[in-house]
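> Please find one structure pasted underneath; my questions will follow.
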Amino acid sequence: MTGAAEGVRRTRQRAAVLETLGNCGEFVSAQELHALLAGSDRAVGLTTVYRALRELDRAGLVDVVRDETGERLYLRRPTDEHRHYLICRGCGRSSPVDAGAVEVWADRLAETTGFAELEHTLELSGVCGACRAGRRPTPQPCTPTPDRPGASSGRSTRSSS
């Protein structure tokens, strides 16, 4: 862990959470991440997974969104900047979106109000083309780690509201 991770204490468990999360191409819940870790030789307790995700979020290493039930979902951040995503309410597939105008607005708001360290959350959801066409994709957000072929799993808990 480097860059933004310098403020995060490196532990075996935190490294396992971050590496496993890095193999996921879509947002996953803490429970899904815990199940992936439990299926590998790097089992980590659920409480430790939650604690690690909270620390990784604070360090800016993960992006966090909420699903339709309010559950927090996590994705390893590919850059040092946070991103905004459009999430399909049907299958949970995510797509990063250009939200430069939101960032400019937030910066301007901070300047005009005198607030510092302004944080914001932008939730965007819709229904993807595949779900609209009745071809709901089966999300498989995580790929196996090359040296751990048993570490893959498809999404198992996603409601269809």
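Each reported figure results from applying straightforward, stated rules to the coordinates on display, with no laboratory input. Since this is a predicted model, take the numbers as computed values, not measurements. All Cβ positions, even for glycine, are placed from backbone atoms using ideal geometry, and neighbour counts span all protein chains on display.
> Please say if segment 29-138 is rounded, prolate or oblate, where rounded means a/c under 1.5 for a ≥ b ≥ c the square roots of the C-alpha gyration tensor eigenvalues, and otherwise the choice is prolate for a/b larger than b/c and oblate otherwise?
Note, shape of segment 29-138 comes out oblate.
> Between the DSSP loop rule and a limit of at most 16 other Cβ atoms within 10 Å, which trypsin sites (Lys or Arg not before Pro) in segment 29-137 are left? Write down the numbers at each step before the final one.
Numbers: sites: ARG42, ARG51, ARG54, ARG58, ARG66, ARG72, ARG76, ARG83, ARG89, ARG93, ARG108, ARG132, ARG135; in loops: ARG42, ARG83, ARG89, ARG93, ARG135.
For trypsin sites (Lys or Arg not before Pro) across segment 29-137 that sit outside H, G, I, E and B with at most 16 neighbouring Cβ atoms in 10 Å, the list reads ARG83, ARG89, ARG135.
> On full extension of the chain, what length is gained from GLU81 through ARG58, given 0.36 nm per residue of separation minus the C-alpha to C-alpha distance?
Residue separation times 0.36 nm, minus the Cα-Cα distance, leaves 7.0 nm.
> Continuing with the same structure: How about segment 54-140: which chymotrypsin sites (Phe, Trp or Tyr not before Pro) there lie in a loop by DSSP and see at most 16 other Cβ atoms within 10 Å?
PHE115
> With the crude spin-label approximation of a point 7 Å out along Cα→Cβ, what separation in nm comes out for ARG12 versus VAL127?
It works out to 4.8 nm between the two label points.
> Treating the beta-carbon of each Lys and Arg as +1 and of each Asp and Glu as -1, no other charges, what is the dipole magnitude of segment 7-96 about its Cα centre, to the nearest 20 debye?
For this selection, approximately 300 debye.
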